[in-house]
Amino acid sequence: MKHAPLAACLPFLLLAACGRTEPVADMPSQEELAAAANAAAANAISNQQADETPDSRNYVNLDRGFSVTLPEGWVMDKGASNDDGVVYEDPGAGADVRVFWQTNDDDQTLQQIVEALSSGAEGVDGDFVGDNEYRGTANDGEGNNVAVRLLRQPDGSIVTATFVYPEMLSEQYQGIAEKLLDSLRVFAPRDGAEQAGASAPADNAAKP
């Protein structure tokens, strides 16, 4: 961020300006102050770049136009992941999250898609957020709770995120599921950016 170096320097500059009781002769020189400020700025930039390494928990699919932030410590299931999406698992508790893009060749409404999804689960309960988003919960009939979020992209395609966890661990996982689903964003796919730019954006679309 452009303001990161300045923000990093502020605590040092405030300390230098306030509460000092040493004689003037003991004060650091302008050159020393500048060197310390530059070092602080360099450290801030280094830390920022470290946060943007490939080890980041942010999964971004530029070709399909969506991103999501995964829980810390979870592991990708490479066999189940592909160009359309990703599967991550909690190695110790049997919970997993699946986020996938899919076409909508029949140009179904989100309501029609949710009805089809509901037919395969028990106790489905949820709400539509405008025309292009659905949030809900269900039970898979095998002792697992399912939290789901669907986002309809401007071209009609659907991004679906499902977070599945053991019902007996609801207290542990409910907050994690909600936070993950909140992090899901859609944007214009890389190959279709020009076409999407000419269309009205979805209510839930985020800028890439």
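The values are calculated or read from the model by the stated rules, or taken from the named source; none is laboratory data. Remember, predicted model here, so these are calculated numbers, not experimental data. Here the Cβ is made from the backbone with ideal geometry for all residues, glycine too, and neighbour counts use every protein chain on show. Heads up: the accessible areas ignore ligands, DNA and RNA and are worked out on the full protein's heavy atoms, side chains in. Shrake-Rupley method; radii C 1.70, N 1.55, O 1.52, S 1.80 Å.
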Using a ≥ b ≥ c from the Cα gyration tensor of the range 83-196 (square roots of the eigenvalues), is it rounded, prolate or oblate, where a/c under 1.5 gives rounded and otherwise the larger of a/b and b/c decides, a/b for prolate?
prolate
Roughly how many nanometres apart are two label points built 7 Å out from the Cα toward the Cβ at Asp107 and Glu167?
4.1
Ignoring ligands and nucleic acids, what accessible area does Ser67 show with a 1.4 Å probe (Å², nearest 10)?
30
If R₀ is 25 angstrom, what is the calculated FRET efficiency for the pair Asp127 and Ala93, using the beta carbon separation as r and rounding to 0.05?
0.35
For Arg190 and Val75, what does the FRET efficiency come to when R0 = 25 Å and r is the distance between their Cβ atoms, rounded to the nearest 0.05?
0.40
Integer Hz, Karplus 6.51/-1.76/1.60 couplings in order for the range 153-158, x for Gly and Pro:
7, x, 7, x, 5, 10
Going from most exposed to least, what order do Val146, Val186, Val60 have by accessible area with a 1.4 Å probe?
Val60, Val146, Val186
Area of Phe187 that stays accessible when all protein chains are in place (1.4 Å probe, Å², to 10):
20
Nearest-10 value in Å² for the accessible area of Glu115, using the 1.4 Å probe
130
